[in-house]
């Protein structure tokens with residue numbers, strides 16, 4: 001009996017000891033995992049908008065480490081990954097140095113934190129072919145003498161070759177873009193913002209195009225505009241025409257071909273012939289009569305027209321034009337060819353099986369690798385289809401270039417300002433063709449905030465910071481060059497992502513994500529360098545939860561933030577009106593509205609509240625009655641501010657008479673280096689292009705403008721609004 005009880009006690013003690021050891025081992029593994037995550041740039045603890053602290057789960061951390069190519073399933077994995085990270089960061093032993101190191105002009109360059117190259121000689125070959133020889137000190141860190149010229153220069157030492165990206169201290173700025181005359185006159189430039197799809201033109205088939213953009217920049221320039229900002233024109237999905245949000249592209253390396261103007265391909269006669277062949281029933285006229293863009297139908301018709309024109313081009317195109325296309329395709333290299341193959345494959349596979357529309361992750365295994373034999377065989381068998389999609393990219397490139405050329409020829413100091421989306425669709429061609437550049441299994445999103453209490457996951461893939469370093473930042477540089485290529489400036493969507501991104505494991509709730517830090521200094525230096533090489537300004541969309549000190553760092557680098565009228569309230573003083581113009585930032589773009597917020601007329605009339613009431617989008621502590629009462633107070637506050645600034649006077653206008661002219665003049669008077677007004681405000685339009693948090697319930701990215709682009713800026717009312725905006729900027733005509 002006593003022996004039996006003794007055995008039970010011993011068994012229980014052994015079980016308890018085993019459990020304690022397992023718990024200690026689990027805790028040690030969890031602690032090591034958190035250490036690895038922090039060293040890899042993942043923030044393991046974060047605070048939400050209520051001030052509550054959250055600890056990122058081990059499950060999330062393991063997914064993120066896997067995406068970063070840092071195995072972390074076991075303690076041994078974690079130890080090995082931490083050792084690997086340390087060696088990479090210090091350039092120790094035989095580990096290769098990164099293929100590209102960024103620096104600032106006239107600053108010494110530290111290759112490593114060790115003495116790996118002590119006493120060794122080195123040679124720098126500059127972009128222009130000049131060379132400079134040097135020698136590292138016999139002790140201390142490996143320091144390269146400062147370089148006094150911008151560019152990508154090659155350093156060679158002891159069998160090692162790497163690129164030194166020498167950047168300016170700041171981006172190319174608005175003042176740099178102005179002519180001497182403009183600077184002497186003290187003019188502060190202004191511009192407009194447009195959604196290309198919304199532009200109406202003759203025979204456009206119900207969908208705006210780059211040809212209409214050419215017309216718009218010429219007319220805007222006549223009114224004194226120096227810039228025209230557009231939403232992203234990244235490559236979309238020609239096989240899935242229901243995906244048309246410009247912020248969910250297939251690839252940020254190429255261009256949206258759905259905006260190609262068919263008339264601009266081979267001329268009017270060829271267009272008329274193609275129209276008769278592919279549209280005998282007059283579908284084009286039906287689409288042109290609609291107040292909203294029917295993306296699937298309009299895009300399908302446009303692609304059919306373009307295919308007919310392509311076939312004619314192949315059969316009897318001008319030899320010079322065919323040679324130009326061949327050169328474009330050759331220079332596009334693997335990026336262009338992979339995208340063209342993706343587009344052809346996507347169309348082929350989804351034609352018989354709609355489940356393939358989601359993208360390459362749903363395709364048969366033999367097609368998931370762009371260099372697999374199955375893909376190569378498909379490309380050879382369907383060479384005409386692949387060539388067609390390359391042809392579309394060529395046409396899009398030519399027509400966008402024509403728009404920027406027209407803007408500059410019309411006198412715009414800046415011209416087109418393109419938009420760089422924060423990520424690419426995980427099922428699209430960019431992730432398919434360059435998986436090592438991207439974080440697989442993670443989606444960009446946002447943690448819970450006042451507007452969205454459950455957070456957001458956008459289904460967009462982000463660059464891998466480790467992949468960027470390993471590739472010499474080539475994906476980032478390629479993307480910047482694509483954005484800058486046919487523009488006088490770029491707007492970087494969610495510029496906070498240069499510093500950190502909220503990433504969510506696929507299938508997880510947004511709150512289960514974590515912040516991942518990015519090599520901010522490297523990315524920003526490359527932005528500055530490319531902006532000067534392209535002589536283009538840089539704007540960063542810095543709205544939202546901004547890390548402390550980041551706006552100052554962006555401003556110091558010459559990157560303009562964004563200030564929106566509706567958000568320029570003096571929140572620190574309860575009941576105070578809107579910030580007066582002279583107190584606005586002189587280091588940020590000033591705008592009346594963005595595509596995500598109400599227009600001036602829409603805000604004044606409460607159209608945004610109408611939509612929230614219709615769709616049930618009020619927050620936990622709000623209601624339609626509360627918001628309408630608050631808006632009534634805010635109207636009075638805005639009117640008081642407009643009057644105090646001297647741009648309005650008298651009694652507050654009625655709800656059906658929004659003070660659009662006064663609001664434009666108000667924003668125009670700010671000291672911002674550049675001010676922009678959406679076309680919707682210039683036209684007094686009530687509806688905004690996009691309502692965040694909605695998909696099919698609001699006609700996002702579908703509204704057509706009320707007049708053809710050639711007459712859009714005509715009329716006394718539009719002229720008065722543009723004149724008020726320009727006069728606020730000091731424009732003298």
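Here, each number is a calculation from the coordinates, and none is a lab measurement. Values in this document were obtained by computation on a predicted structure and should not be read as measured data. Counting neighbours? That spans all protein chains shown, and the Cβs are built from the backbone with ideal geometry, glycine included.
Ranked highest first by the average count of other Cβ atoms within 10 Å around their residues, in what order do 489-495, 269-275 fall?
My ranking of the peptides, most packed first, is 489-495, 269-275.
Relative contact order of the range 106-167: what whole-number percent is it, with Cα pairs under 8 angstrom and at least 6 residues apart?
Relative contact order comes out at 36 percent.
Can you tell me the 0 to 90 degree angle between the C-alpha axis of helix 383-409 and the longest principal axis of the chain, rounded to 10?
The angle comes out near 60 degrees.
State, in angstrom, two size descriptors of the range 106-167 derived from its alpha carbons: Rg to one decimal place and Dmax to the nearest whole number.
Radius of gyration, then largest Cα-Cα span, for the range 106-167: 11.0, 32 Å.
Mind checking the angle between helix 75-90 and the chain's longest principal axis? C-alpha axes, 0 to 90 degrees, to the nearest 10.
Taking Cα atoms only, the helix is inclined about 60 degrees.
State the Cα centre-to-centre distance between the range 570-639 and the range 376-454 in whole Å.
32 Å
If all Cα-Cα distances of the range 291-370 are sorted into 10 Å bins from 0 onward, what percent lands in each bin, rounded to whole numbers?
15, 32, 35, 17, 1
Peptides 635-643, 232-240: what's the order by average Cβ count within 10 Å, highest mean first?
Ranked from most to least packed, the peptides come out as 232-240, 635-643.
For helix 520-534, report the angle its Cα long axis makes with the longest principal axis of the Cα atoms of the chain; keep it between 0 and 90° and round to the nearest 10°.
40 degrees
Express as a percent, rounded to the nearest 5, the fraction of DSSP beta bridges in the chain (both residues included) that run antiparallel.
Around 55 percent of the beta bridges assigned by DSSP in the chain are antiparallel ones.
If you take the square roots of the eigenvalues of the alpha-carbon gyration tensor of the range 216-333 and sort them as a ≥ b ≥ c, do you get rounded (a/c under 1.5), prolate (a/b over b/c) or oblate?
Cα axes put the range 216-333 in the rounded bin.
Quick one: which of 151-162, 671-682 comes out on top by average Cβ neighbours within 10 Å, and what's the full order, highest first?
The packing order, highest mean first, is 671-682, 151-162.
Scale the Cα Rg of the chain by the rule-of-thumb value 2.2 N^0.38 Å and send over the ratio, two decimals.
1.05
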